[in-house]
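Asker: Could you have a look at this structure, given as structure tokens, before my questions?
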Amino acid sequence: MAIAGRPQPRRPHWLFSFFLIALLLFFAVLNITNPQREQEKQFSGAEEVPLSQITRGYHAEEYSRILVRDNKVYATLKSNSGSMVQSYKAGESISELGWNDPRNPTVVEIENRESTRLFYAILPDLLFFLLIIAGVVWLFRGIARSQSTALSFGKSRARVADAKQVKTRFQDVAGMDEAKEDLVEVVDFLKNPKKYTNIGAKIPKGVLLVGAPGTGKTLLARAVAGEAGVPFFSIAGSEFVEMFVGVGASRVRDLFTKAKRNAPCIIFIDEIDAVGRQRGGAGFGGGHDEREQTLNQILTEMDGFEQGTNVIVVAATNRPDVLDRALLRPGRFDRRIFIDRPDLEARTKILEVHARNKKVAKDVKFHEIAKQTVGLAGADLENIMNEAAIIAAKRKAKTVAHADIVEAVEKVTIGAAKRSRKLTQKEKEITAYHELGHAIVGHLCPESDPLHKISVVSRGATLGVTWFLPQEDTFTTSRGKFLDEICGLLGGRAAEELVFGEMTTGASNDLEKASQIARDMAMRYGMGGNDLGPVTYGEKQGTIFLGVDPSLGRNYSEEKAQQIDAFVKETIEKQYDRALGMLKQHRARLNDLAKILLKQETMSIGEFEEIFSGRKSRGEKGKGKRETEKSA
């Protein structure tokens with residue numbers, strides 16, 4: 001099926017220049033390798049004598065060969081082989097000189113080089129003429145290109161892929177079952193439109209995919225096109241708008257014209273927030289802003305007078321809050337599909353999909369890997385599998401092992417191990433006790449996530465790290481869990497004070513996180529106690545970016561601000577004392593664990609529990625935690 005607007009293959013503009021250069025090289029080589037040059041070298045040592053002497057020598061048969069070239073005569077002597085003489089002749093012919101005696105054995109040769117001399121004489125002029133022609137042709141072609149560019153400036157720059165080119169299918173998209181179910185109707189309509197039109201149903205004209213970066217919005221759109229088997233027009237929102245007025249609207253018209261010509265088809269606009277922001281307001285240029293004109297044209301094309309075009313617009317954005325209301329109303333983007341970050345089961349499926357084109361060992365447990373990737377998007381998981389393959393290739397392995405994927409998870413989430421970073425012995429000890437302080441306190445807190453691994457190997461900006469991995473995905477958090485998280489974060493600083501009697505800058509990030517949790521409890525979640533009550537404080541200023549909170553404006557009194565600060569300070573101090581008490585109670589275990597961690601640098605949960613609690617089960621450990629909580 002021919003696709004309207006598909007760019008035609010351009011003839012290489014360097015072909016003519018290449019031909020011209022090849023021609024020049026050919027003439028240069030021809031001139032250098034000319035056989036007449038070799039003959040001139042042979043005659044360069046000949047002695048010059050009168051023409052009468054050569055005539056006498058001819059009759060006396062002193063020469064073996066006489067060569068007449070233009071107005072010069074070269075004679076080769078018999079007596080001295082290779083020795084030659086030369087002379088000039090005016091205009092006499094061979095018969096006039098008497099060199100045509102048939103009984104004379106001397107070979108007389110005549111060579112006429114006038115045509116060759118003429119060719120080499122006009123060669124520079126010919127080459128100069130060809131260069132002039134090439135320059136004129138290049139100039140006119142440049143003018144033609146600039147004119148065609150000016151005329152096509154308002155044409156759509158959408159990339160077009162027909163049904164055979166789009167290979168992505170729904171089976172290649174894992175972890176988005178609900179989103180795929182919503183899009184099955186779109187695919188079915190494109191395949192069987194009469195099934196819906198006969199009953200009077202209308203398919204949504206626009207589908208808006210909303211999700212955080214890396215969650216697979218573009219991949220899902222390609223899967224829709226691949227399943228439907230229709231042409232797929234792909235363009236970014238930023239490609240509509242240029243510095244020239246009217247170009248964006250012109251490109252929108254051209255895009256929808258091409259799409260209608262190839263209907264049924266799909267138009268995919270990635271990052272539509274670049275052109276679909278709210279109209280009007282300060283900083284947007286008023287009603288004459290180029291972006292607004294482009295948006296107006298999109299609105300008209302999506303819900304104008306023309307009906308039943310069978311063109312479905314699929315758009316993707318991670319900024320749904322900034323889109324114009326007219327763009328989101330029914331009749332334009334009728335359906336919004338929210339794509340969340342994948343849960344545990346979805347992450348397992350995504351890892352399996354990205355492992356299809358890699359040689360993965362049979363003992364790899366993707367479910368266990370997925371537990372270590374809480375909060376990561378599909379793009380992050382793809383990057384992890386790629387890093388794992390690179391790690392396996394570096395160690396010259398034939399397959400990607402489970403340990404390679406675990407190493408890739410740590411590299412992507414925290415950073416690559418920095419073995420070259422040299423710490424002093426005291427810094428190593430402080431780091432080991434700091435990380436074990438996190439581990440012991442977190443292990444004893446009843447609502448803390450289970451401990452996974454402890455390491456004092458430098459990664460990224462950290463000198464050490466302690467992993468706490470949740471057993472399952474959770475979507476709500478209790479007040480007790482917040483307090484346990486703060487207590488675990490303060491465990492590192494408490495261990496430093498307990499063992500060394502001083503505090504270092506290593507706990508700066510822990511204090512920042514703990515303070516932010518306590519402040520959110522007071523201001524956002526209504527967990528600030530009776531003084532603050534179940535009230536949120538601070539109003540959001542600016543637009544919300546998925547995964548990033550906007551700044552908060554102050555909408556509360558100075559008295560409430562003092563109460564919030566007092567709650568944060570009191571919560572931090574109370575949890576710090578709690579963590580310090582736990583470490584004092586298990587000081588001997590802390591020292592034993594530190595000796596082993598300093599020796600082997602990494603400690604698993606099995607090794608930790610073996611030393612700390614003799615491999616207690618999770619239920620037994622919970623009982624011990626609750627007994628510890630009574631004293632706290």
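Taken together, the values in this text are just the output of simple stated rules run on the coordinates, not laboratory data. None of these values were measured; they are calculated from a predicted model. Here the Cβ is made from the backbone with ideal geometry for all residues, glycine too, and neighbour counts use every protein chain on show.
Asker: May I have the pair-distance distribution P(r) for the range 289-394, computed from all Cα-Cα distances with 10 Å bins from 0 and rounded to whole percent?
Answerer: Calculated P(r), rounded to whole percents: 11, 31, 18, 19, 16, 4, 0.
Asker: Apply 1/(1 + (r/R0)^6) to the Cβ-Cβ distance of Leu423 and Arg329, taking R0 = 56 Å, and write down the FRET efficiency to the nearest 0.05.
Answerer: 0.40
Asker: Which of the three applies to the range 178-254, rounded, prolate or oblate, going by the alpha-carbon gyration tensor with a ≥ b ≥ c and a/c under 1.5 meaning rounded?
Answerer: It comes out oblate by the Cα gyration axes.
Asker: Something else about it: Taking a threshold of 25 Å on the Cα-Cα distance, which of the pairs Lys358/Lys418; Lys422/Lys453; Lys398/Lys428; Lys371/Lys396 fall above it?
Answerer: Lys358/Lys418; Lys398/Lys428; Lys371/Lys396
Asker: A follow-up question, please. Amide H to amide H under 5 Å from Arg459: which residues, 5+ apart in sequence or cross-chain, H placed 1.01 Å off N in plane?
Answerer: Result for Arg459 returns Lys418, Gly464.
Asker: Sticking with this structure for a sec: Can you work out the Karplus-derived ³J(HN,Hα) for every residue in the range 379-384? Use 6.51 cos²θ - 1.76 cosθ + 1.60 with θ = phi - 60°, whole Hz, and x for glycine or proline.
Answerer: 5, 5, 5, 5, 5, 4
Asker: Any aspartates and glutamates with Cα under 16 Å of the Lys359 Cα? List them, leaving off those in the same chain fewer than 8 positions away.
Answerer: In chain and number order, the partners are Glu382, Glu387, Asp404.
Asker: When the Karplus curve 6.51 cos²θ - 1.76 cosθ + 1.60 is applied with θ = phi - 60°, which whole-Hz ³J(HN,Hα) does each residue of the range 469-478 get, with x for Gly and Pro?
Answerer: 10, x, 6, 8, 6, 10, 10, 10, 10, 8
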